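Take a look at the structure below.
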Amino acid sequence: MNKQIPDKNYMYRGLLGHNYLPMVSQNRDGTPPVFSSEDFTPEIADEMLGKYKPEERNGGFDQIEYRVSRFNNVPRLMHIPHPLPYARLCQCINKYWKRLQHICENPNSRLKPAKHDDKSVLRFNYNEGNDNIKNDLRVLAFENQYLSDVFSMVELTNGKFYRMNADISLFFPSIYTHSIPWALVGHSEAKANQGNGKKWYNQLDKYQAQMQRKETKGIPIGPATSTIISELILFKIDNVLRDKEYTFTRLGDDYECYCETEEEGNMFLKHFEQELRKYLLNLNALKVRIEKLPLGYQPEWKIELKYRLPSRDIIPKQRELANFLEYAIKLQNYHPNSPALKYAARSLTQNINETNVNVFFEYMISIVIHNPTILPILCKVAEKHQDVISDMDFEQILRHFLKYQCSDAICWILYLIGICGKEISDELANAVIDSKDCMSMGMLIALGQQKDKVIDFLNNNIDPDSEYDCDQYWILLHELAPDCPEFNRYRGISGLKFLREKNVHFIKPMNEED
């Protein structure tokens, strides 16, 4: 077996402990590092699943909603599944991994399960593309284009004159769980054995739907299990397109086909759409475009920034740093659909010290409401320069993100406040509670502040007898178990009590972070 292909035990541990919550990894951007699933091991999952059967709950489980900001300020709705049905799906993937691992060898996909230094299964990056920066992890985005990737792109374009771009409309929300068996064994066998729960491929279908109220339309955006499911379907589509001798590559559901003629590009589009329909998927007509080659292998904004980026060995003076940030802001305005500003901020982290950090923060704080994706970078710098930001007022920024219910931005601002050692006022805590955002309230728990308000919210707003309501706040009910005895029955039947007994926690107190 290819040594790059992770074995089933690596996959199982990685799915549970490192690719469960959005961007759970060393330099993640989605959730502050106080959120972690590293305690959730295969050994504990197997023991829990020996005691509890998630498939026996009528109606399945609900999930936590988590809205993630993007560089264009359009939030993406993600979900954090309940650990019991999630563990069942991971266990099923582990059991049948030999029948699924072919996705690791798809020559057309650039997002495949693999072994990584951080023990994750999938490594995500928002295509910031700075080769000199340690890999940055972000859910539902893709790997950096390293030099080897550029050479690969050069080979793809050799002898070609056009590039056809296409992707799938609302890909994850449109995936039909019954299409999982179609992709694994073909439509005929899947249809002939539909409803046969003993068939391994039907188990994947069943356990996937179990995480989301047994709904068969759509899979959650967030956990790596969804990427594995999507890769299984796209593998079959890629096979057909490859057999037709198209030259193409893809990042997730974003396809690029390199053609000799425009007609060939249109034929690719036709065949691509035909294959999508077999799995009840639709082409995103708004994203289709054909471009004449040659085209650069890096976007214009990135090249311009690299030319102006200070050397990693040089600490820029305040004026030099200000000029670079001014230029990055203008580039972001010229390229609003790019992560130019985030790329610039990330690139500067090694060039910041006590002589220029005030300039960095003044610029970043002034624009963070326009581009919340830079918040994780601010937090990283703040951890090294707490004294510089201790007098800054972040309350206005927090109120802004509370108004628009940006889960990740709220969490990162609260994390930044925690770095500064500041207290959350009653007024702001009430605003966080009023947002009804589960993970934002989880940050209050991590900060060790205003916990009583979170407890009051759960006791006064969540019906202990409504399993769906409880599922939407499972992480809070789990962490606050001693303070919310009204929910003991729910915890007892959903496996959360067992996880507490095994000392599994998904929220770490901020002062206890690694």
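The values are calculated or read from the model by the stated rules, or taken from the named source; none is laboratory data. Treat the numbers as computed from the prediction; the structure is a model and nothing was measured. Cβ sites come from the backbone with ideal geometry, for glycine too, and all protein chains shown count toward neighbours. Surface areas here come from the heavy atoms of the whole protein model, side chains and all, with no ligands, DNA or RNA. Shrake-Rupley method; radii C 1.70, N 1.55, O 1.52, S 1.80 Å.
Quick notes on this one:
- Three-way shape call for the chain based on the alpha-carbon gyration tensor, with the a/c threshold at 1.5: oblate
- Segment Lys453-Glu362, extension gain: residue separation times 0.36 nm, minus the distance between their alpha carbons: 29.5 nm
- Surface share of carbon and sulfur [accessible, 1.4 angstrom probe, percent] for the chain: 45 percent
- Relative contact order computed over the chain (Cα-Cα under 8 Å; 6+ residues apart), in percent: 20 percent
- 30 Å Cα-Cα threshold exceeded, pairs from Lys403/Lys497; Lys115/Lys342; Lys306/Lys380; Lys302/Lys436; Lys95/Lys342; Lys98/Lys302: Lys403/Lys497; Lys302/Lys436; Lys95/Lys342; Lys98/Lys302
- Label point distance in nm, Asp387-Asp465, each placed 7 Å from Cα along Cα→Cβ: 5.9 nm
- Calculated FRET efficiency for the pair Ile493/Tyr96, C-beta based, R₀ 35 Å, to 0.05: 0.80
- Once the convex hull of all Cα atoms in region 395-514 is built, its volume per residue stands at 100 Å³.
- Probe 1.4 Å, accessible area per residue of region 40-99, Å²: 39 Å²
- Solvent-accessible area per residue for region 187-262 (1.4 angstrom probe, square angstrom): 39 Å²
- Summary value for region 303-442: 20 percent relative contact order, contacts being C-alpha pairs under 8 angstrom separated by 6+ residues.
- Each label point was placed 7 Å from the Cα along the Cα-to-Cβ direction; for Lys317 and Asn511 their separation is 4.3 nm.
- Candidate aspartates and glutamates - alpha carbon under 15 Å from Lys217, same-chain residues fewer than 8 apart omitted: Asp62, Asp205
- On the basis of the beta-carbon distance and an R0 of 35 Å, Asn58 and Lys403 show a calculated FRET efficiency of 0.40.
- Amide H to amide H, with H built 1.01 Å from N, Thr247 comes under 5 Å of Tyr258, counting only residues 5 or more places away or on other chains.
- Taking 7 Å steps out from each Cα toward its Cβ at Asn158 and Lys115 produces label points 3.1 nm apart.
- Whole-Hz Karplus values for region 267-282 come out as 5, 4, 4, 4, 5, 4, 5, 4, 5, 4, 4, 5, 10, 6, 10, 10 Hz, taken residue by residue from phi with 6.51 cos²θ - 1.76 cosθ + 1.60 and θ = phi - 60°; glycine and proline positions read x.
- Electrostatic dipole magnitude of the chain [Cβ: Lys, Arg +1; Asp, Glu -1; Cα centre; debye, to 20]: 1440 debye
- Using R0 = 45 Å, the C-beta based FRET efficiency linking Leu295 and Gln396 works out to 0.60.
- Expressed per residue, the C-alpha convex hull volume of region 302-418 stands at 94 Å³.
- The slack between Tyr334 and Lys287, meaning 0.36 nm per residue of separation minus the straight C-alpha distance, is 14.9 nm.
- Electrostatic tally near Ile413: other residues with Cβ closer than 12 Å to its Cβ, Lys and Arg +1, Asp and Glu -1, net -1.
- The stretch between Leu280 and Asn430 holds 49.6 nm of extra length on full extension. This uses 0.36 nm per residue minus the Cα-Cα distance.
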